[in-house]
Amino acid sequence: MLDTINIQENVPLAPFTTFGVGGSAHFFCKAGTAADVVQALAFGKEKRLEVFILGGGSNLLVADAGFDGLVVQIAIGGIENEVDSAEKVRVGAGESWDGFVEYCVKNELAGVECLSGIPGTVGGTPVQNVGAYGQEVSETIVSITCIDRRTLKAVQLSNAECDFSYRKSIFNSSYRDKFVVCEVTFALERSGPPKIVYKDLIESFQNREPSLIEVREAVLAIRRLKSMVIDRDDPNSQSAGSFFKNPVINSDALKRLNERFEYRVPSFPAEINVHKIPAAWLIENAGFQKGYKLGNAGISSNHTLALINAGGASAGEIIELMKVVQSSVDDKFSIGLQPEPVFLGFSS
């Protein structure tokens, strides 16, 4: 079994993450096909190992002690238009997400242009229902082909079955660790208009309708200013992007919050009587500024929401900074900040 699916031992995981920290995986397998995924999962069952599914590593923090289990890196590639529809595209879970967005924009397929520059792979985007600049990946997903980790059988889930909401799906909630995403099918709009609802984009184009390419370039420019595009020459980009989710509170809680302070707490509607509070604003107003450092971990000098490896940081230092920020925000605003990254190898 070890030879047939090329399982390696004691593989450092830091190079597979954008944080660039963490220890080694006891076992590691690069899966280029769905059949490889099944074999790797079967190996994990046989050895009674905890199995972790790795995508692009852009939303992952690995413990300094590493992971005493099996890491399966999803490397399933391919971008194909369905035969019966030029607007439906099937994409392997291991494809670069930004590479797929670039493909869509170049082929005049609208629906994901505002998600330009987001690191990671296609298979990781449904898990958190990745979104940015007024667009969410769930808006264009038709179906997802997965391997059921218990039965080792392929299943296809519809958009509705994924139960998408803000930064949430069945993959990170009710059915966490049940499925391995192998392929995602998107429905896009041929020569459709770009989605311009984000304030900075509206201001950039001053009420004219830009092309998909122009929107992509504008989004990339905004993300670069915030060091949210992976760039090895930018020390701020050794991060997992936005480290904390924007808290969601109801109207009564928002009213009470505003009554406590002389200024109004910024918010924007999420659903009926539900509001998102910008986590970056909470962090700044709890006393943290861009460029703040605690040991070798820090806050990006370009974006308060990003915790970074400021050079030689350990995973423990990043966790310590996370807890300091959470405690300060909770003390001042009575709001708990929830982290976005996946934590691997940490004791519960």
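The values are calculated or read from the model by the stated rules, or taken from the named source; none is laboratory data. Remember, predicted model here, so these are calculated numbers, not experimental data. When we count neighbours, we look across all protein chains shown, and the Cβ atoms used for this are built from the backbone with ideal geometry, even at glycine. Only protein heavy atoms, including side chains, enter the accessible area calculation; ligands, DNA and RNA are left aside. Shrake-Rupley method; radii C 1.70, N 1.55, O 1.52, S 1.80 Å.
A compact table of results
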{"quantity": "Debye intensity ratio I(q)/I(0), log10, the chain, q values 0.14 Å⁻¹ (C-alpha model)", "calculated": "-1.25"}
{"quantity": "For region 73-131 versus region 159-234, the gap between their alpha-carbon centres in whole angstrom", "calculated": "10"}
{"quantity": "Cross-link table K47/K178; K30/K106; K245/K323; K255/K323; K199/K226; K293/K323, entries beyond 22 Å C-alpha to C-alpha", "calculated": "K30/K106; K255/K323"}
{"quantity": "Extension reserve of the R208-K45 stretch, reckoned as 0.36 nm per residue once the Cα distance is removed", "calculated": "53.1 nm"}
{"quantity": "For the chain, with +1 on Lys and Arg beta carbons and -1 on Asp and Glu, the positive-most of V101, W281, F19 along the dipole", "calculated": "W281"}
{"quantity": "Carbon and sulfur %, accessible surface of the chain computed with the full protein complex present, 1.4 Å", "calculated": "47"}
{"quantity": "Separation in nanometres of the label points that stand 7 Å from Cα toward Cβ, at K332 and D200", "calculated": "2.2"}
{"quantity": "Cleavage-rule hits, trypsin sites (Lys or Arg not before Pro), region 33-119, DSSP coil, Cβ neighbours within 10 Å at most 10", "calculated": "R48"}
{"quantity": "Share of pairwise Cα separations in region 137-191, more than 15 Å, in percent", "calculated": "48"}
{"quantity": "Protection proxy ranking of 52-62, 180-190 - average other beta-carbon atoms within 10 Å, highest first", "calculated": "52-62, 180-190"}
{"quantity": "Backbone N under 19 Å from the K106 label point (7 Å along Cα→Cβ), restricted to region 204-227", "calculated": "211-221"}
{"quantity": "Neighbourhood charge, 14 Å Cβ-Cβ cut-off, centred on G66 and excluding it, Lys, Arg +1 and Asp, Glu -1", "calculated": "-4"}
{"quantity": "Relative packing of 110-119, 287-296, 163-172, which averages over residues the other C-beta atoms within 10 Å, highest first", "calculated": "110-119, 163-172, 287-296"}
{"quantity": "Mean Cβ neighbour count within 10 Å, used as a protection proxy, ranking 255-262, 275-282, 70-77, 230-237 highest first", "calculated": "70-77, 275-282, 230-237, 255-262"}
{"quantity": "The chain - accessible surface per residue (Å², probe 1.4 Å)", "calculated": "47"}
{"quantity": "Simple spin-label estimate for S191 and E262 in nanometres, 7 Å along Cα-Cβ", "calculated": "5.8"}
